[in-house]
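Let me begin by presenting the structure, written as structure tokens, before commenting on it.
Values in this text are rule-based calculations from the coordinates and carry no lab data. Being a predicted model, the structure only gives us computed values, none of them experimental. Please note: Cβ atoms are built from the backbone with ideal geometry, for glycine as well, and neighbour counts cover all protein chains shown.
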Amino acid sequence: MTSDQTELFAALSRQRIETPSWGYGNSGTRFKTFAWPGAARTIHEKLDDAAEVQRLTGIAPSVALHIPWDEVEDYTALRRYAEGLGLSIGAINPNVFQNDRYRLGSVTSPDRQTREQALQHLLHCVDVMRQTGSRDLSLWFADGTNYAGQDDLRSRKHRMREALQQVHGALPDGARMLVEYKLFEPAFYATDLFDWGAAYAHCLAVGEKAQVLVDLGHHAPGVNIEQIVAFLLDEGRLGGFHFNARRYADDDLIVGSSNPFELFCIYAELVAAERSSDAQTRAAAEGVAYMIDQSHNIEPKVEAMLQSVLNCQEAYAKALLIDRDLLAEAQAAGDVLGAHRVLTDAFRTDVRPLLQGWREERGLPQDPIRAHRESGHQQRVAELRGTVAGGGGYPEEPVPTPV
Ligand code: LRH
Ligand code: MN
Ligand code: MN
């Protein structure tokens, strides 16, 4: 093996993609939720499926929880269960959007008691982090307004700031809060955390443990996400990703399925930061949490997750192949299309043989999807769990988990 290939393989072995518990259960749109045979019904079954994804890919060893969808009485037991499967508990995602009280918002509600209830839930999630050994609290708020004049926009900003400050103050050492923004939905007039700039401003104000989370599905069409990534990385405030793809508004399609070049360009920025001569930039890149945020409505759940992880792996492998010296030369010479070509040459490379070689070396199946299809996992879980509506990704009511 050449030293280039050794380096490439080492980088591929360091790659990590976190999968979300909610991607393993049934989910749907407001029109219909289709029940998938064997879809995971409980957090334990979701972890079992995540272990299958890790077994076949080798790069997905952690699972994000959504509370209270995944609420259990004993989180240390849950942590042990995950560890027994070779997994760890990843980001904790509080849910401050599925309660009747939150009609006018959670932490930005005009009602003090509602704000207090939301804050208590966020603090409960910080406690869950302690018990599960999780590093990251992923914060997304459905808060916003539907009509001009409905509420005072600056007051809502102040309420958001106050809540973020309180949560920041409660975080243990080494923990972080990842502040996620979204252009719209469910609010349609104004969303309180509407873009990366708003999230960034709050993060700067509340402290070092606050970082911005970029969900690929949360931007207006045409927004250059890789530029946001480059900017935040350079400022040391890129906390992580929620990977997915979207065509119109929602954000639950398989990452890289409709936007492979965008995904590649995002990884290109991350690889550039990983290889930066500046130690701070390298540290910023190392801290990034790569998480999938998808709910699979009509797809087989485990296979969809495998495909998602593999799409990220391909994008990363291609980004690793970019000839950085040639790129720098073309950029310095003002060679517009020459520089672009360096990038597209890497993007057009078929990295599947390279990845097969890497898998072979790691004792992983060369084609994880085929291995999954041949493993009988789907048939086994279908028999064991049956075909049960609900109990999945976006349950209307919190699903009690049998312990
Ligand atoms: C909101 C969101 C957020 C939630 C998840 C289920 O659209 O991206 O991250 O927690 O979906
Ligand atoms: Mn998200
Ligand atoms: Mn989303």
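Remarks
- Simple rule: put +1 on each Lys or Arg Cβ and -1 on each Asp or Glu Cβ in segment 262-403, find the dipole, and look at Ala346, Pro300, Ala317; the Cα lying farthest toward the positive end is Pro300.
- This ranking places Thr29, Thr132 by how few other beta-carbon atoms lie within 10 Å of each, fewest first, which gives Thr29, Thr132.
- Within a straight-line Cα-Cα reach of under 25 Å, Lys32 can be paired with the following lysines, leaving aside sequence neighbours fewer than 8 residues apart in one chain: Lys46, Lys182, Lys301.
- P(r) of segment 213-325 over all Cα-Cα pairs, binned every 10 Å from zero, in whole percent: 15, 46, 31, 8, 0
- Our estimate of slack between Asp152 and Arg341, defined as 0.36 nm per intervening residue step minus the Cα-Cα distance, is 63.1 nm.
- Each label point was placed 7 Å from the Cα along the Cα-to-Cβ direction; for Asn99 and Asp250 their separation is 2.6 nm.
- This ranking places Lys32, Lys157, Lys209, Lys318 by how few other beta-carbon atoms lie within 10 Å of each, fewest first, which gives Lys32, Lys157, Lys209, Lys318.
- Normalised size of segment 1-121, defined as Cα radius of gyration per 2.2 N^0.38 Å with N residues, equals 1.38.
- Additional length obtainable on full extension of the chain from Glu208 to Asp173, 0.36 nm per residue less Cα span: 11.5 nm
- Global dimensions of segment 295-341 from alpha-carbon coordinates: Rg and Dmax equal 17.3, 49 Å.
- For segment 15-385, the Cα gyration tensor yields ellipsoid semi-axes of 32, 28, 19 Å (square root of five times each eigenvalue, largest first, whole Å).
- Given charges at beta-carbon only (K, R positive; D, E negative), |dipole| of the chain in Debye: 500
- Positive-end ranking of Ala10, Met177, Ala190 along the dipole of the chain, with charges on Cβ about the Cα centre, is headed by Ala190.
- Ranking of Tyr316, Tyr200 by neighbouring Cβ atoms within 10 Å, starting from the fewest: Tyr200, Tyr316.
- Rounded to the nearest 20 debye, the dipole size of segment 97-228 about its Cα centre is 260 debye, using +1 on the Cβ of Lys and Arg and -1 on the Cβ of Asp and Glu.
- Cα lying deepest toward the dipole's positive end in the chain, options Phe31, Val206, Gly287, charges on Cβ: Phe31
- Highest to lowest packing among 242-250, 177-185, scored as the average C-beta count within 10 Å: 177-185, 242-250
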